[in-house]
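Worksheet: the structure to be examined is printed underneath.
Just so it is clear, none of the values below were taken in a lab; they were calculated from the coordinates. Here the structure is a predicted model, which means the values were calculated and not measured. Cβ sites come from the backbone with ideal geometry, for glycine too, and all protein chains shown count toward neighbours.
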Amino acid sequence: MKGRGRTLRKPLSCGFLFFAVLLLFPAIAFAAGEDPSIPLLLYLVVILVTAKLMGHLAVVLGQPAVLGELMAGVLLGNLSLAGVHGLDGIATDPGVDLFARIGVVVLLFEVGLESTIRDILRVGLSSFLVAVLGVAAPFALGWLVGAWLVPGQPWQTHAFLGATLCATSVGITARVLQDIGKSRGKEAPIILGAPVVDDVLGLILLAAISGSIVAAEQGVVSSGIWPQVEITLRAVGFLAGSLLVGTWITPRLFSGAARLRGAGVLIGVSLAFCFLLAHLAGVAGLAPIVGAFAAGLILEPVHFQKFGERNIHYLEDALRPLGELLAPVFFVQMGAKVDLTAFASTEALWLALLLTVAAIAGKQLCSLGVLDRTVNRWAVGVGMIPRGEVGLIFASVGASLVLGGEKVIGAATYSAVVIMVIVTTLVAPPLLKWTLADRKAASPPEEGA
C-alpha cells in the first residue's frame, strides 16, 4: 500500500502544480503573436500532460487509461465554470481538431489491425448471432429513446443515437478475462469473436446514416426508403471492394516496399495505405474511419515478413508511438466538448440515464444468440457492454455532421452519449468478474443420503 500511495502521490503533486500554473496564467493561451502554431503547441502541451496524469490516475484506480483521458477533457473543457478561460480553444481550435481527426483515423486503423479477414470468416455461429443481435437490439433501443426524449430532432439524430450504442470495446473485456483467468473459458471465444463482426456491422450502419445525412444536407436525397438502401449498399460495396482489391494489392505493395532502404519504410507505406482508403471512403460519401478500418483488416502479419530482418515484426508496435501522441488528443477533445451545464436540465439527465439503460439492456439481449446452453449467457452479454473508445468515435462523427444548419448531435445529446460511454466502461469489468465468479466453492456441500 505504501508503494502504491507513493506512486500515486508523485504524479498527482506534479498535476496539482501543472493546474496551478493554468489557473495563475490563463491568458498565456492568447500570447501567441502571429504564428498560428504557437497556441496549438500550448494546447498540445496541456492536452498531453493532462491526459497522461489523468490516465495514470485511472490505471491506479483499476480503470482503462482512456477513461482518464476522457475525464481530462471534461475537466479542461469546463474550466470556464471556475473562471478560467485561457483553454477554451481545446474543444474548438482548428489545429487541435485536425490532430484529433487524424488521430481517430489512426485509431480505427489500429482497431482493424487487431482482426483479419480470416478472423471474420472464422467466427462461429454463436459469435455471429451475438454480433448481429448486439447491433440490432441497441440500435433499436437507442432510436426509441431518442424518439421519445428528443422528438423535435430529425430521424437522423435518433438513428445516430442508436448507432452509438452498437459499438463494443473488446479490449476492456479481454483484459478482465485475462485478469480473472477466464481467457480460455467457453465464454471467451464468443465474447472476443463477436466484436469483430460487431465492428463491421456497426461501421456499415454508421456509414449508411452519416452518408444519408451528408446527402440530405447537399439536397440530393429524395423521400422514401430507397436512398437509405442505396447508401447502405454503397457502404457494403466499399468495404467488400476494399477488402477484395486490397487483399490482392497489399502483398505486392509490401513486397516492393521491403526492397526500399531507410528507416520507417513499413510505417510510412502502411499509413499511406490507411490514409488512401480513408480518403477514398470520404470521396465515396462515407466516413473516413470506414476506410481506415478496412485498411487495418486487409493488412496481415504475413505482409511484413520480409521486413523481419530489420527487426520489424508487428505493425501495431511500430504504430504505438504515433497512437500515443494522437489518441490522447482525440479523447481529450471529445471530453472537452462535454458541456456540464447541459445537465442542469432534467431532459439531459433523463437522456443520459435512459441511453445507459438501453446500452446495457441491448447487449444483454444479444446473449440470446448463444446456442450452447452450457455457456454463461449473462457473462457474454456483460462482456459486450463496454463502449470505450469505439463509442466515442461514433459520437464524434455525429457531432461533426450538420443537417439543416444544426449539428446532428447537439451539445446536450453529445454530453449524454459521453456519460453513457463512461458508465458502461466503468460497470462492465466488475459485472463481468461477478458473472464469471466460481460460486461452487462458496456454496455449502450437499449432505449425503
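If we count every other residue with Cβ under 9 angstrom of Gly171's Cβ, Lys/Arg +1 and Asp/Glu -1, where does the sum land? Can you show the working numbers first?
Values: positive: Arg175; negative: Glu114, Glu389.
Net of charged neighbours comes to -1.
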Can you list residues from other chains, or at least 5 along the same chain, whose modelled amide H is less than 5 Å from the amide H of Leu403? Val408
Between Ser345 and Thr92, Cβ-based FRET efficiency (R0 22 Å, step 0.05) works out to 0.45
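Using 0.36 nm per residue of separation minus the Cα-Cα distance, give me the extension gain between Leu403 and Ala140 in nm, one decimal. Write down the numbers at each step before the final one.
Details: separation 263, 0.36 × 263 = 94.68 nm, distance 2.18 nm.
My answer for the length gained is 92.5 nm.
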So if we plug the beta-carbon distance of Trp155 and Arg184 into 1/(1 + (r/R0)^6) with R0 = 35 Å, what FRET efficiency do we get, rounded to 0.05? 0.20
Count the net charge of all other residues whose Cβ sits under 13 Å from the Cβ of Lys363, scoring Lys and Arg as +1 and Asp and Glu as -1. +1
